[in-house]
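The values are calculated or read from the model by the stated rules, or taken from the named source; none is laboratory data. None of these values were measured; they are calculated from a predicted model. All Cβ positions, glycine included, derive from the backbone under ideal geometry; neighbour counts span all protein chains shown. Remember, those area values only see protein heavy atoms, side chains included, never the ligands or the DNA or RNA. Shrake-Rupley method; radii C 1.70, N 1.55, O 1.52, S 1.80 Å.
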Amino acid sequence: MEEVGRIFGDVGLGRFQLSLSRPVERGDYLSVPDEDHGYVLCQLDDLQRKSDLDLEQAGALTPADETHVHESLLGHAIIIGYRDSQGVVKIPTIPFRPGAHVFRAEETLIARVLGLTHRSNSGAYVGLLRNHNLRVELDINQLVQRHVSVLAKTGGGKSYLLGVLIEELLRHKVTCVIIDPHGEYGSLRTPAERSAAQAKFGVESQGFSHQIVEYSPDVSLNPSAKPLTFSLRHLDPRELLVFMGLTNVKTFLAPLKQIIERVGAANPDYTVADLARAAEMTEGAIADTLHERLLYVDQTKLLGPQGTSLNDLVQKGRATLVNLRGVAPDIQELVVARISSTLFDNRKKGKIPPLFLVIEEAHNFAPQQGQATCSRILKNIASEGRKFGLGLCVVTQRAARIDKSVLSQCNTQLILQVTNPLDLRAIAQSIEGLTPGMTEMIQSLPVGTALVTGGGYHTPLFCEVRPRATRHGGESVQIVGA
Ligand SMILES: Nc1ncnc2c1ncn2[C@@H]1O[C@H](COP(=O)(O)OP(=O)(O)OP(=O)(O)O)[C@@H](O)[C@H]1O
Ligand SMILES: [Mg+2]
């Protein structure tokens with residue numbers, strides 16, 4: 001085993017300082033022998049280079065003097081613990097001795113204490129533990145029961161990682177519904193080009209075309225999708241007002257109800273165009289507004305006599321993409337609100353299988369400030385969905401802008417690089433066990449490295465995200481020369 005340093009100074013129960021004799025990176029795993037419990041797993045949380053050079057000396061330093069500066073490497077480590085005979089991770093109750101030897105941790109110890117075991121039936125393989133050949137497999141039951149968030153700045157690799165996660169869920173035949181505002185996930189059908197990285201991670205290219213179902217309110221722009229429509233008859237007048245973008249219920253509800261009753265009495269299979277025509281023939285300013293807004297709703301083609309059937313929309317073991325590319329933001333909110341509440345209601349009644357609902361760009365659908373049409377239902381799903389087997393996954397580049405109550409209900413967090421101080425603060429506030437060193441590391445994570453918390457692991461860990469088996473649909477666009 002490679003010795004890397006020795007403990008010095010005052011030693012606590014949760015952390016200690018060590019003088020380093022070998023270079024060790026922040027985040028690397030260390031081990032310290034304990035008389036009673038064998039090797040205890042620790043992690044380097046911070047590093048400092050100490051020297052005897054003061055301000056004046058530094059100013060007068062010549063190149064020849066540089067080699068005479070006395071310096072040493074000081075490390076701050078956190079204690080992760082050991083596994084006891086019952087398999088529980090514990091921290092020794094007596095501090096380590098000053099002077100104790102510190103080693104680079106062996107992979108068997110890391111795997112045992114962190115719990116990096118192969119979960120063949122319930123594991124979502126998302127990547128390898130940073131700098132090690134140990135697979136990070138998230139517990140799928142925990143993902144679906146306890147919700148997930150994927151957080152990173154724009155271009156940080158959220159959609160890529162989410163693609164990895166969905167590939168895994170599809171391999172395990174977990175039913176998913178993905179709200180896809182940019183139409184990025186259709187590429188899950190297509191195998192990725194083979195790469196050297198795939199060999200390193202043990203990934204084979206594979207497409208999931210048989211397990212992808214795609215719907216969109218705009219099939220002319222998204223021809224791979226089937227039309228997504230909602231049943232007009234199953235919408236009460238209040239909900240129809242929301243589709244019409246009319247918030248003044250007091251003014252518009254009663255006149256709209258009258259029109260619906262009149263048109264419905266003559267033809268139970270009425271359309272939005274029928275309602276618009278009836279409004280046109282009614283006198284007055286209110287009817288004029290109703291007419292204009294009904295024409296708008298008619299144009300969206302979102303409301304039909306039948307509506308997309310739930311059994312078509314949600315199919316066991318498949319991923320349904322709700323492709324919202326090109327759809328206006330207010331209509332996107334309505335679609336998300338309607339789909340989320342239908343899924344939640346029918347999940348409560350057991351009419352659809354347990355499922356994983358993914359919301360990309362979630363700050364638009366459950367904002368911390370202001371109100372989106374779908375905020376309330378998403379908050380309900382975040383707080384109660386787990387009881388009914390409805391898992392929520394929110395993806396956002398603005399952790400500070402998404403509703404705090406939604407974020408705090410996510411017990412698995414996949415965090416890639418985040419630099420905005422407000423977003424970092426929101427993340428630090430919503431995650432237990434994040435050390436100051438880890439928070440600093442989040443700011444400089446390279447693309448493709450994620451901090452994983454929860455997911456069946458009791459301590460946060462850094463993971464190199466595995467390459468995709470399918471093509472990534474969110475490639476950055478090259479502006480100049482290829
Ligand atoms: N693990 C990875 N391995 C290799 N390339 C990656 C990885 N993660 C991301 N990338 C690349 O980085 C770029 C940005 O990734 P991605 O589209 O996932 O970002 P994003 O966080 O979803 O951005 P946005 O906020 O704009 O949606 C892509 O071109 C992608 O190919
Ligand atoms: Mg993205």
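Here are some notes:
- Residue that is farthest from residue 185 (Cα to Cα), among those in region 292-309 that are open to solvent by less than 40 Å² (accessible area, probe 1.4 Å) and in contact with a helix residue (DSSP H, G or I) (Cβ under 9 Å, 6 or more places away or on another chain): 294
- 1 or more residues within 16 Å of ligand 2 (Cβ to nearest atom): qualifying helices (runs of 4 or more DSSP H) within region 342-426: 362-365
- Remark: pairs (first residue in region 1-24, in the same structural domain as residue 72 (by TED's automatic domain parsing) and more than 12 Å from residue 101 (Cα to Cα); second residue β-branched (Val, Ile, Thr) and open to solvent by 60 Å² or more (accessible area, probe 1.4 Å); Cβ separation under 9 Å; 6+ apart in sequence or on different chains) = 13/91; 13/93; 13/94; 14/91.
- Close Cβ contacts (under 8 Å, 6 or more residues apart or on different chains) running from residues in region 239-252 that are farther than 17 Å from residue 341 by Cα to residues that are among the basic types (Lys, Arg) comprise 244/293; 245/293; 246/293; 249/238.
- The set of residues from region 95-115 being of a type outside the set (Asp, Glu) and without any contact (Cβ under 8 Å) to a residue 60 or more places away in the chain comprises 108, 111, 112.
- The condition of being small (Gly, Ala, Ser) and over 18 Å from residue 335 (Cβ atoms) holds for only one of 207, 245, that being 207.
- Breaking point among (1) surrounded by 22 or more Cβ atoms within 10 Å (Cβ to Cβ); (2) within 16 Å of ligand 1 (Cβ to nearest atom), for residue 419: (1)
Yes/no matrix, rows are residues, columns are (1) within 13 Å of ligand 1 (Cβ to nearest atom); (2) closer than 30 Å to residue 439 by Cβ:
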site: 146; (1), (2): no, yes
site: 152; (1), (2): yes, yes
site: 173; (1), (2): no, no
site: 179; (1), (2): no, yes
site: 221; (1), (2): no, no
site: 225; (1), (2): no, no
site: 246; (1), (2): no, no
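- Top-ranked residue of region 384-398 - restricted to ones that are of a type in the set (A, V, I, L, M) and closer than 14 Å to residue 364 by Cβ, ranked as surrounded by the fewest Cβ atoms within 10 Å (Cβ to Cβ): 395
- Annotation note: of 163, 157, the sole residue that is within 16 Å of ligand 2 (Cβ to nearest atom), open to solvent by 10 Å² or more (accessible area, probe 1.4 Å) and within 30 Å of residue 328 (Cα to Cα) is 157.
- When each of 201, 252, 243 is tested for being in the same structural domain as residue 320 (by TED's automatic domain parsing) and either at pLDDT 95 or above or surrounded by 14 or more Cβ atoms within 10 Å (Cβ to Cβ) (or both), the lone residue that passes is 201.
- The one condition in (1) more than 16 Å from ligand 1 (Cβ to nearest atom); (2) touching a Lys or Arg at 6+ places or on another chain (Cβ under 9 Å); (3) open to solvent by 30 Å² or more (accessible area, probe 1.4 Å) that residue 471 fails to fulfil: (1)
Yes/no matrix, rows are residues, columns are (1) outside the structural domain of residue 444 (by TED's automatic domain parsing); (2) over 38 Å from the mean Cα position of the chain (by Cα); (3) at pLDDT 95 or above; (4) closer than 16 Å to residue 105 by Cα:
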{"position": "31", "(1), (2), (3), (4)": "yes, no, yes, yes"}
{"position": "46", "(1), (2), (3), (4)": "yes, no, no, no"}
{"position": "49", "(1), (2), (3), (4)": "yes, no, no, no"}
{"position": "57", "(1), (2), (3), (4)": "yes, yes, no, no"}
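- Within region 124-137, the residues that satisfy the criterion of being of a type outside the set (A, V, I, L, M, F, W, C) and over 13 Å from residue 164 (Cβ atoms) are 130, 131, 132, 133.
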